[in-house]
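Written below as structure tokens is the structure these notes are about.
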Amino acid sequence: MCGIVGFLARDTRLRESLGEFVVPMLTCMGERGPDSAGLAIFSDDLPDGLRRYSFYTSVRTFDWLRFLEDFAAATEATAEIDVVESHAVLMTSATPAMVNEWLAARRDPIHLLSVGRKIDVYKDEGHPADISRRYGFTAFTGSHAVGHTRMATESAVSPAHAHPFTAGEDFCLVHNGSLSNPYSIRRRLEKKGVRFETDNDTEAACRFLEWRMREGDPLERALERGFDELDGFYTLLMATADKLVLVRDAFACKPAVVAETDEYVAISSEYRALAHLPGVKGARIFEPVPEQIYSWTA
Amino acid sequence: MDRLIQLDLAGLTVRELNQFLHQELPSRGAGWHVDVLNPNGMHNLAVGLNASVDVDIRGHAGYFIAGMNQQARVTVHGNVGWSVAENIMSGSVRVKGCASECAAASGHGGLVVIEQDASSRCGISMKGCDIVVGGSVGHLSAFMAQAGTLVVRGNAGPGLGDSLYEAVIYVGGEIHSLGADAREEPMQMEDHARVAELLTRAGFPAETGRFKRIASARSLYHWHADAGDRY
């Protein structure tokens, strides 16, 4: 069992309170997934030419300022860093290729969680309520967010195995369920040069969809292919720079419920995670049907 | 006039609510009516009742609402999550909104009414209860249903009545597809009477003209050694 949550602010005034809406959702879904949690948050674009890189380190004493100095000196790129707990966001003009090349040469005890102009990803072990508090999720602002609470069934409990998974830029995915063919997908993708970071089944779905998008499919088309290619049980909630997208597999034995108002779209595994939202009693509430692609634009 | 008790889940745990409904309420005798406020999607509300009481849950509720119900009449004024009225034995459970998966799963007796849509696997493995759905049902409804009646006023999703035993399904709208061993049979006088009686009890107009009857072809009842490769 796992929990998924998503929130998209249609009324731009709600963007200031995004974290306040999402944290109770994530905390409530801690009952479905108490071992680890994660949150992807999409905020305003950085100025042209800049990207955000989210990092996780398991070494609490890691010297991020030294890291920043070394990075700026080596790449000659503009660079700033925000550090909270085990997490850092590097904002830089360096391209993903430059950052990856530089990281590969250093072997720092850090893990790159996300890349993009809007996305920041946080994930860690522990109860979602504790993680939300440690990283200050409540204060987060932005247009939309996707969160996950994990009860691991198929691979290790670790920050790297927690969701959301990302691939490419400004794309992330959370998953409730289990895939039965992640290794065959992985073997096919690896032959095409796609690199994997964990043995987690969800990473296969995430990289499959991102690979299709790089090949030119819109996400919706990639998902239609996914219905044929991904074998197993899944409710998948994805976010791009300006969208939330939700699908359930043909069996639809992993839950999801959507509450839509003029002000917001909120998605969760269970209604009780939505019950605190303002105006939810008057919202259009529905259960997404199998193999239908639901998409909302921020 | 019923005597009314209001219980507010804003200040009461689910366990306290259910203990009251199990122990204190029956000891007060008949004629009591309980309003449950602020359900907020909570699970396991009014589970295991065994007294002739009325319970109204005022809002959307979560999973396993009114499971194992006996005698009681439970109404949810909102939607419910998975497995409402699971294993219902008698009494009635009414959902004014929609129900998620597995509504009335394994129900032995009593009446379950979903006024709007029920999701997939409605009436899965039902064993004698009656279910009336005002809207449509999702895929694999009445899977392995053994006894009882499922009436669907709207449409039915894929695989209706797969591996059906002796339960009978009546559908007023379109059927996406039938499951293995389920087949459409002609509506007889007693079928119309059975549907009309259930629609009336459920509070819907007793118009039965458009209903189809789905029952088991019974071809899966016996193992055919010569057809082993077909299983």
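The values are calculated or read from the model by the stated rules, or taken from the named source; none is laboratory data. Here the structure is a predicted model, which means the values were calculated and not measured. In this analysis, Cβ positions are derived from the backbone assuming ideal geometry, glycine residues included, and neighbour counts consider all displayed protein chains. These accessible areas exclude ligands, DNA and RNA; they are computed on the full protein's heavy atoms, side chains included. Shrake-Rupley method; radii C 1.70, N 1.55, O 1.52, S 1.80 Å.
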Subset of segment A:104-129 (residues that are open to solvent by 60 Å² or more (accessible area, probe 1.4 Å) and charged (D, E, K, R)): A:Arg106, A:Arg107, A:Arg117, A:Glu125
Return the pairs, sorted by first residue and then second, in which the second residue is among the aromatic types (Phe, Trp, Tyr), the first residue lies in segment B:42-66 and is more than 14 Å from every other protein chain (Cβ to nearest Cβ), the beta carbons are less than 7 Å apart, and the residues are 6+ apart or on different chains. B:Val47/B:Phe64; B:Val53/B:Trp32
Could you tell me which residue of segment B:28-41 is nearest to the other protein chains (Cβ to nearest Cβ), considering only residues that are crowded, with 23+ Cβ neighbours inside 10 Å and assigned to a loop (DSSP other than H, G, I, E, B)? B:Gly41
Is segment A:54-74 home to any residue that is of a type in the set (Phe, Trp, Tyr), under 30 Å from A:Leu179 (Cβ atoms) and in contact with a Gly (Cβ under 9 Å, 6 or more places away or on another chain)? no
Checked segment B:74-121 for anything buried (at least 24 other Cβ atoms within 10 Å of the Cβ), within 14 Å of another protein chain (Cβ to nearest Cβ) and under 14 Å from B:Ala202 (Cβ atoms); matches are B:Val95, B:Ala99, B:Ala103, B:Ile114, B:Ala118
Show the residue pairs meeting these rules: Cβ distance below 8 Å; 6+ apart or different chains; first residue within segment A:95-107 and at pLDDT 95 or above; second residue surrounded by 13 or more Cβ atoms within 10 Å (Cβ to Cβ) and basic (Lys, Arg). A:Thr95/A:Arg51; A:Pro96/A:Arg51
Within segment B:122-135, residues being under 13 Å from B:Trp82 (Cβ atoms) and open to solvent by 10 Å² or more (accessible area, probe 1.4 Å) number 1
Single unsatisfied condition, A:Thr297 versus (1) open to solvent by 50 Å² or more (accessible area, probe 1.4 Å); (2) under 28 Å from A:Pro128 (Cα atoms); (3) out of contact with any helix residue (DSSP H, G or I) (no Cβ under 7 Å at 6 or more places or on another chain); (4) within 14 Å of chain B (Cβ to nearest Cβ): (4)
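Only one residue in A:Gly193, A:Gly216 is open to solvent by 10 Å² or more (accessible area, probe 1.4 Å), of a type outside the set (Ser, Thr, Tyr) and at pLDDT below 95. Which one? Reasoning before the result, please.
Details: A:Gly216 fails: at pLDDT below 95.
Result: A:Gly193 is the single residue among A:Gly193, A:Gly216 that is open to solvent by 10 Å² or more (accessible area, probe 1.4 Å), of a type outside the set (Ser, Thr, Tyr) and at pLDDT below 95.
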Meets criteria (among the hydroxyl-bearing types (Ser, Thr, Tyr), under 24 Å from B:Val95 (Cβ atoms) and touching a His at 6+ places or on another chain (Cβ under 6 Å)) for B:Thr200: no
Among the numbered criteria (1) at pLDDT below 95; (2) open to solvent by 10 Å² or more (accessible area, probe 1.4 Å), which single criterion is violated by A:Ala162? (2)
Only residues in segment B:210-231 that are under 30 Å from B:Glu174 (Cβ atoms) count as the first member; pair them with residues that are among the hydroxyl-bearing types (Ser, Thr, Tyr) and modelled with pLDDT under 90, Cβ under 9 angstrom, at least 6 apart or cross-chain, and list the lot. B:Leu220/B:Tyr231
Per the filter on segment A:269-290, residues open to solvent by less than 50 Å² (accessible area, probe 1.4 Å) and more than 9 Å from chain B (Cβ to nearest Cβ) are A:Ser269, A:Leu277, A:Ala283, A:Pro288
Taking only segment A:165-197 into account, find how many residues are assigned to a loop (DSSP other than H, G, I, E, B), in contact with a Phe, Trp or Tyr (Cβ under 9 Å, 6 or more places away or on another chain) and under 19 Å from A:Gly232 (Cα atoms). 1
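Would you point out which residue out of A:Val83, A:Val99, A:Val59, A:Val89 is among the hydrophobic types (A, V, I, L, M, F, W, C) and part of a helix (DSSP H, G or I)?
Being among the hydrophobic types (A, V, I, L, M, F, W, C) and part of a helix (DSSP H, G or I) holds for just one of A:Val83, A:Val99, A:Val59, A:Val89, which is A:Val99.
Please tell me if A:Glu203 is over 30 Å from A:Leu14 (Cα atoms), more than 14 Å from every other protein chain (Cβ to nearest Cβ) and not in a loop (DSSP other than H, G, I, E, B). Can you show your working first?
On the way: over 30 Å from A:Leu14 (Cα atoms): yes; more than 14 Å from every other protein chain (Cβ to nearest Cβ): yes; not in a loop (DSSP other than H, G, I, E, B): yes.
Against the criterion (over 30 Å from A:Leu14 (Cα atoms), more than 14 Å from every other protein chain (Cβ to nearest Cβ) and not in a loop (DSSP other than H, G, I, E, B)), A:Glu203 qualifies.
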Would you pick out the residues in segment B:185-204 that are loosely packed, with under 15 Cβ neighbours inside 10 Å and either modelled with pLDDT under 95 or more than 19 Å from the chain's Cα centre (by Cα) (or both)? B:Glu185, B:Pro186, B:Gln188, B:Met189, B:Glu190, B:Ala193
Could you tell me which residue of segment A:242-265 is nearest to the other protein chains (Cβ to nearest Cβ), considering only residues that are in contact with a Pro (Cβ under 7 Å, 6 or more places away or on another chain) and open to solvent by less than 20 Å² (accessible area, probe 1.4 Å)? A:Ala252
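Would you point out which residue out of A:Phe233, A:Phe196 is farther than 20 Å from B:Ala99 by Cβ and within 14 Å of chain B (Cβ to nearest Cβ)? Talk me through it step by step, then tell me what you get.
Working: A:Phe196 fails: within 14 Å of chain B (Cβ to nearest Cβ).
From the options A:Phe233, A:Phe196, the qualifying one is A:Phe233.
Looking only at residues in segment A:11-47 that are β-branched (Val, Ile, Thr) and open to solvent by less than 30 Å² (accessible area, probe 1.4 Å), which one is nearest to A:Pro128 (Cα to Cα)?
Here is the first cut: in segment A:11-47, the residues β-branched (Val, Ile, Thr) are A:12, A:22-23, A:27, A:41.
With open to solvent by less than 30 Å² (accessible area, probe 1.4 Å) added as a condition, the list becomes A:22-23, A:41.
Details: A:Val22: 11, A:Val23: 9, A:Ile41: 15 Å.
Among them, the one singled out is A:Val23.
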